[in-house]
Amino acid sequence: MSREAIRDIILKEKLIAIVRTKAQKDVPTIVEGLVAGGIRVLEITSNTPGFDLLIKENRKQYPDVLIGAGTVTNASIAEKAIKAGAQFLVSPNTQAELVNIAHDNHIPIIMGALTPTEIGDAVDLGADIVKLFPASNFGSSYLKAIRGPFDEAKFFAVGGIDLYNMCEWLDAGALGLGLGSVLTAIKKEELSKGNIESMARAFVEKLNTYHGRS
């Protein structure tokens, strides 16, 4: 699959589930629930133990789901993720080397940026999608304002997105959303495929309702 085709799937799906946990053994349950709930794009963060092995395993188990690597902060992590089969990279920071590595390997990068300077750098570097992060600290009005000078940038809002404010971010111009702890931060004793699935499905259904009214 080409870099452009992967990017277009991400833009079409609009939701990226962020899998981040200190317990590697919980990842299969989390991913199973996310996929059952309708999530078709997810990232496994580099600070999840065994993230590269998990990317490799989940790509085999879920061939119809895009599996990427998150929290890619440097070249070493990027190369490790790509070797494991990551179909896209997500960074919290703006770094030219990461764009080069992703594009040299024909996969898109969702690059973290917040300030006008960082956003401008991400656009100039060729980031496929700009990850506005941490979004909630500045609010959806910030995205609406920043889209003025950066009207061609493809923004995903990440950080503090929940069921109650997701439409607000879409109304402000976000083309998609990154969903982290709101999906997966379930008490250990309540962690189950069913609970994860229920949360994921709520977001997918709300997104579908949003598009139905717009």
Revision key, fill the gap. For the range 62-77, pairs from a residue that is open to solvent by 10 Å² or more (accessible area, probe 1.4 Å) to a residue that is among the aromatic types (F, W, Y) and not in a loop (DSSP other than H, G, I, E, B), with Cβ under 9 Å and 6 or more apart or across chains, are T71/F51; I77/F51
Review point. Can you spot a residue in the range 187-196 that is of a type in the set (S, T, N, Q) and in contact with a strand residue (DSSP E or B) (Cβ under 9 Å, 6 or more places away or on another chain)?
Key: no
Exercise for review: Please state which of the following conditions A23 fails to meet, knowing it meets all the rest: (1) open to solvent by 40 Å² or more (accessible area, probe 1.4 Å); (2) out of contact with any Leu (no Cβ under 7 Å at 6 or more places or on another chain).
Suggested key: (1)
Review point. Mind checking which pairs have a first residue in the range 78-100 that is of a type in the set (S, T, N, Q) and a second that is part of a helix (DSSP H, G or I), Cβ under 6 Å, 6 or more apart or different chains?
Key: Q87/I6; S91/L98; T94/E118; T94/D121; T94/A122
Review point. In the range 168-182, what residues are in contact (Cβ under 8 Å) with a residue 40 or more places away in the chain and not small (G, A, S)?
Key: L170, L175, L177, L179
Exercise for review: Give me a count of the residues in the range 1-20 that are in contact (Cβ under 8 Å) with a residue 12 or more places away in the chain, part of a helix (DSSP H, G or I), within 14 Å of F156 (Cα to Cα) and open to solvent by 10 Å² or more (accessible area, probe 1.4 Å).
Suggested key: 4
Practice item. With respect to L53, determine if the residue is open to solvent by less than 40 Å² (accessible area, probe 1.4 Å), aliphatic (A, V, I, L, M) and at pLDDT 95 or above. Key: no
Review point. Would the range 120-132 turn up any residue that is part of a helix (DSSP H, G or I), open to solvent by less than 70 Å² (accessible area, probe 1.4 Å) and of a type outside the set (G, A, S)?
Key: yes
Revision key, fill the gap. When every residue in the range 157-192 that is modelled with pLDDT of 90 or more and assigned to a helix (DSSP H, G or I) is compared, the one nearest to D26 (Cα to Cα) is M166
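The values are calculated or read from the model by the stated rules, or taken from the named source; none is laboratory data. These numbers come from a predicted model, not from an experiment. Backbone-built Cβ (ideal geometry, glycine too); neighbour counts: all protein chains shown. All accessible areas refer to the heavy atoms of the entire protein, side chains included, with ligands and DNA or RNA removed. Shrake-Rupley method; radii C 1.70, N 1.55, O 1.52, S 1.80 Å.
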